[in-house]
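Shown next, in structure tokens, is the structure this report addresses.
The values are calculated or read from the model by the stated rules, or taken from the named source; none is laboratory data. Bear in mind that the values here come from a model prediction, so they are computed numbers and not experimental data. For neighbour counting, all protein chains shown are included, and Cβ atoms are generated from backbone atoms with ideal geometry for every residue, glycine included. Note: accessible area is taken over every heavy atom of the protein model, side chains too, but ligands, DNA and RNA are not part of it. Shrake-Rupley method; radii C 1.70, N 1.55, O 1.52, S 1.80 Å.
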Amino acid sequence: MSTQSSERLAADFAADVRRDLALVPKQLQSKYLYDALGSSLFEAICRLPWYRITRAEQRLLEAHAPAVVERITRDPETVPLIVELGCGSGEKIVILAEALQAAGRHGRVHLIDISRQALEQSERTLGRLRHISVVGHRDTYEVGLRRAAQQREAGSPVLVLLLGSNIGNFDAPAAGEFLRAIRGALVPGDALLLGADLVKTEDALRLAYDDPLGVTAAFNRNLLVRINRELGATFDLDGFRHVAVWNAEHSRVEMHLESLRAQTVRIDGWAVAFAEGERIWTESSYKYEPADIDQMGARAGFSTAAQWIDEDVRFALTLFAAA
Ligand SMILES: C[S@@+](CC[C@H](N)C(=O)[O-])C[C@H]1O[C@@H](n2cnc3c(N)ncnc32)[C@H](O)[C@@H]1O
């Protein structure tokens with residue numbers, strides 16, 4: 001990654017924290033949860049017995065990777081490009097890369113993630129596959145997608161991956177805009193594979209976002225550790241607790257950090273006051289019905305080619321064709 005992008009991401013972080021803590025209610029963007037420790041904690045979350053969606057999506061990918069690969073390997077002369085937005089550890093894209101290998105094909109992969117640690121880990125995970133060339137972009141989805149699209153080879157199909165219900169961090173208007181941006185980078189014949197979490201019991205959702213081991217709480221509270229380290233802030237970790245709530249009206253799980261007392265925090269020369277019980281909203285995870293996912297795709301200019309559902313965990317993997 002260029003020093004220029006790194007400096008821009010650091011400047012954006014400082015500016016966004018300052019702006020978003022002045023909002024009512026106070027907010028912090030969920031993409032900032034993923035520093036090195038945040039990415040490691042997220043990986044630990046994926047291994048928790050109560051966070052079942054990672055394993056469900058992996059099972060769906062194992063079962064349907066050959067069908068996904070078939071769509072992008074119809075022309076034997078082309079080398080498909082797979083672009084993953086928010087790749088995390090890379091454990092999912094490797095399933096598709098292995099299916100590509102099993103089909104006797106080469107591929108190009110562009111990995112996009114705001115977390116340096118996630119990107120490096122994905123690059124390592126894919127590095128052992130000889131038939132794949134890998135390019136990493138440590139950047140936001142939007143910038144990374146633009147860069148990857150600029151490097152597409154005319155005539156070669158593109159498959160965009162948006163897995164792990166990353167789409168669920170966007171509210172409906174932003175999700176629509178994001179899907180339209182993805183569609184705008186594609187041409188007919190290209191595809192989008194979208195993993196999205198479905199509405200399930202409140203109990204299952206509560207355990208997934210407020211686990212008994214406290215790993216999700218550590219993941220959330222680590223954002224304050226990051227702000228202290230990178231922006232010279234004075235957050236007292238003992239002064240904030242993790243809160244996860246199911247907002248049925250908006251069909252989303254919200255994560256918050258709640259101030260346990262009235263307190264003032266200094267961040268690099270400015271001050272933020274918290275009342276007792278005041279919250280910082282740090283993440284939304286929207287949950288869907290299968291038909292919502294079809295409609296979201298259709299509104300962005302995609303047609304549903306296939307939808308596979310894990311009924312036990314309630315998770316959907318949808319293959320969209322760029323119509
Ligand atoms: C919930 S994790 C999912 C990781 C992986 N897709 C999976 O299914 O396990 C989200 C990943 O996307 C990255 N991410 C979140 N918001 C991002 C953004 N706006 N731009 C780029 N990467 C982002 C995070 O760093 C993290 O690695």
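General remarks:
- A cut-off of 5 Å between modelled amide H atoms, ignoring neighbours fewer than 5 places along the same chain, links residue 86 with 112, 113.
- FRET efficiency for residue 130 and residue 77, using Cβ-Cβ distance with R0 set to 25 Å, rounded to 0.05: 0.80
- Seen from residue 275, the other residues with C-beta closer than 12 Å to its C-beta sum to a net charge of 0, counting Lys and Arg as +1 and Asp and Glu as -1.
- Approximate spin-label separation residue 24-residue 55, in nm, with each point projected 7 Å along Cα-to-Cβ: 4.6
- Label separation (residue 251 vs residue 203): 2.3 nm, computed from points 7 Å beyond Cα along the C-beta direction.
- Inter-probe distance in nm under a simple model that places probes 7 Å from Cα toward Cβ, at residue 15 and residue 275: 3.1
- Shown for the chain: the carbon plus sulfur share of the solvent-accessible area, taken with all protein chains present and a 1.4 angstrom probe, equals 51%.
- Largest to smallest accessible area among 24, 79 [probe 1.4 Å]: 24, 79
- For segment 79-87, putting each phi into the Karplus relation 6.51 cos²θ - 1.76 cosθ + 1.60 with θ = phi - 60° gives couplings of 10, x, 10, 10, 10, 10, 9, x, 6 Hz, in residue order, rounded to whole numbers and with x for Gly and Pro.
- All C-alpha to C-alpha distances of segment 1-151, sorted into 5 Å bins beginning at zero, yield P(r) values of 2, 9, 16, 18, 19, 15, 10, 6, 3, 2, 0, 0 percent in whole numbers.
- Projecting the Cα atoms of 85, 150, 187 onto the dipole axis of the chain, where Lys and Arg carry +1 and Asp and Glu carry -1 at the beta carbon, places 150 farthest toward the positive end.
- Added length on full extension, which subtracts the Cα-Cα distance from 0.36 nm per residue, residue 237 to residue 174: 19.5 nm
- Accessible area per residue in Å² at 1.4 Å probe, computed on segment 164-209: 38
- Each peptide among 229-236, 164-171 gets the average number of other Cβ atoms lying within 10 Å of its residues, and from highest to lowest they stand as 164-171, 229-236.
- Here's the list of lysines a cross-link from residue 26 could span, going by alpha-carbon distance under 27 Å and ignoring same-chain residues fewer than 8 apart: 287.
- Nearest-10 value in Å² for the accessible area of residue 254, using the 1.4 Å probe: 20
- Every helix of 4 or more DSSP H residues in the chain counts as -39500 (n - 2.57), and over all residues that averages to -13000 deg cm²/dmol at 222 nm.
- Each Lys and Arg contributes +1 and each Asp and Glu -1, all at the Cβ; summed about the Cα centre of the chain, the dipole is approximately 600 debye.
- Take every pair of alpha-carbon atoms less than 8 Å apart whose residues are at least six positions apart; their mean separation over the length of segment 1-144 yields a relative contact order of 22 percent.
- Look at the dipole of segment 161-296 built from charges on Cβ: of 173, 295, 269, the Cα furthest out on the positive end belongs to 269.
- Whole-angstrom gap from segment 304-323 to segment 30-71, using each part's C-alpha centre: 15
- Of all DSSP-defined beta bridges confined to the chain, some 60% are antiparallel rather than parallel.
- Per residue value of the accessible surface for segment 1-158 (all protein chains in place, 1.4 Å probe), Å²: 47
- Over the chain, relative contact order from alpha-carbon pairs under 8 Å, at least 6 apart, %: 20
- Whether segment 6-49 is rounded, prolate or oblate, judged on the alpha carbon gyration tensor where a/c under 1.5 counts as rounded: oblate
- Our note on the geometry: Cα centres of segment 140-164 and segment 176-250, 23 Å apart.
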